[in-house]
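Worksheet for the structure shown next.
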Amino acid sequence: MIRESNIVSLKINKQPKLLDRVKTQLRVNHYSKKTEEAYTSWIKRYILFHNKKHPEEMGEEEVKQFLNYLAVEKHVSASTQNQALCSILFLYKNVLRKKFGWMENLIKAKKSRRVPVVFTRSEVREVFRHLDGVIKLICSLLYGSGLRLGEALNLRIKDINFDMHQIIVRESKGEKDRITTLSNTIIPELKQHLNKVYLQHKNDLKKGKGKTKLPNALIHKYPNADKDYYWQFVFPADKFIKDENSDLIFRFHIHESTVQKSIKNAVKKAKILKPATSHTFRHSFATHLLESGYDIRTIQELLGHSSVKTTMIYTHVANLGAGVKSPLDD
């Protein structure tokens, strides 16, 4: 059995920095932090599965053995198995620079087309009844603007346009920016919240703090921008943390788990018997827009989907057949 918690470091054939090379290449290719963590984790597991044998000494057969192990013994989903495969292929192609013909022959697992979990409008109201404060405001953006939880938490103050009723989502999935709608309903509450953030930031500056971490090394281009109010997170954390790379002490955003736990409790209190998560609000946003008659292409743009095929899944859960009479009624 693989125990990742017991791994302190990985030293294989005098290459103790193999995983560091993987991380460096992922950052050069502008992969997200979450992808970096997932890929390095899968590569660790792949190597440990083969008793710390170096990837240079392995090939198609070893990769297939690992993928079969995940599917047969670990019972992972097709998407998880495909993520493991992508991680290993990244190692061979981008880090070890191997161009084996067998890589092209590896077939990805066929994903099951699952219908997303969606709240009804009355369920949304009921869940919101059991939320309050900043968490309720965050969930309002998930449902009102179709944001992913990570997108809402990573929002900077400068990316909210109250006059245009728009939110600019920076570097979302696939390293793309997009514009989505800002609900008129939450504007007064959001402005009130940002006033508190402003006062907190002003107080932090007086104490010699108040800097934030800028994306993509922008600090070199704009040396003092990290102190500006509009670069701060919309939902800053209560405590300061220290950046391990720059030693910067700053307020990061609220942790995802804090929001997820609150949503789970609210769904439970609302007595909704669905496996709902923060992403259910985003699914509900798309579904309810579709039910209201909005064009599928418009919804695709608001969600930031690369292909309309991804957005089409909501046609399966939207209540578009409300006027259809069941044959059982006859």
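The values are calculated or read from the model by the stated rules, or taken from the named source; none is laboratory data. Being a predicted model, the structure only gives us computed values, none of them experimental. Here the Cβ is made from the backbone with ideal geometry for all residues, glycine too, and neighbour counts use every protein chain on show.
Within segment 47-87, track down each residue that is among the aliphatic types (A, V, I, L, M) and closer than 25 Å to LYS17 by Cα. Steps first, answer last, please.
To start, the set of residues in segment 47-87 that are among the aliphatic types (A, V, I, L, M) comprises 47-48, 58, 63, 67, 70-72, 76, 78, 84-85.
Passing the criteria: ILE47, LEU48, MET58, VAL63, LEU67, ALA84, LEU85.
May I ask you to list the residues in segment 226-273 that are hydroxyl-bearing (Ser, Thr, Tyr) and either over 21 Å from LYS136 (Cβ atoms) or assigned to a loop (DSSP other than H, G, I, E, B) (or both)?
The initial filter retains those residues of segment 226-273 that are hydroxyl-bearing (Ser, Thr, Tyr), namely 229-230, 246, 257-258, 262.
Matches in segment 226-273: TYR229, TYR230, SER246.
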Unique residue being assigned to a helix (DSSP H, G or I), within 30 Å of LEU26 (Cα to Cα), touching a Lys or Arg at 6+ places or on another chain (Cβ under 9 Å) and in contact (Cβ under 8 Å) with a residue 40 or more places away in the chain when the list is LEU142, LEU147: LEU142
Looking at LEU153 and the list (1) among the aliphatic types (A, V, I, L, M); (2) surrounded by fewer than 17 Cβ atoms within 10 Å (Cβ to Cβ); (3) closer than 18 Å to GLN260 by Cβ, which single condition is not satisfied? (2)
Would you mind stating whether LEU153 is aliphatic (A, V, I, L, M), under 22 Å from the mean Cα position of the chain (by Cα), in the same structural domain as PHE252 (by TED's automatic domain parsing) and under 13 Å from ARG251 (Cα atoms)? yes
Residues in segment 256-263: is at least one within 21 Å of VAL127 (Cα to Cα) and exposed (fewer than 13 other Cβ atoms within 10 Å of the Cβ)? yes
Does at least one position in segment 175-183 carry a residue that is in contact with a strand residue (DSSP E or B) (Cβ under 8 Å, 6 or more places away or on another chain), acidic (Asp, Glu) and assigned by TED's automatic domain parsing to the domain that holds GLU151? yes
For segment 240-272, which residues satisfy the criterion of being of a type in the set (A, V, I, L, M) and either on the phi > 0 side of the Ramachandran plot or without any contact (Cβ under 8 Å) to a residue 12 or more places away in the chain (or both)? ILE241
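Take THR212 and decide whether it is touching a residue at least 24 places away in the same chain (Cβ under 8 Å), among the polar types (S, T, N, Q) and surrounded by 15 or more Cβ atoms within 10 Å (Cβ to Cβ). Step through it out loud before you land on a result.
Details: touching a residue at least 24 places away in the same chain (Cβ under 8 Å): yes; among the polar types (S, T, N, Q): yes; surrounded by 15 or more Cβ atoms within 10 Å (Cβ to Cβ): yes.
So THR212 fits the description; yes.
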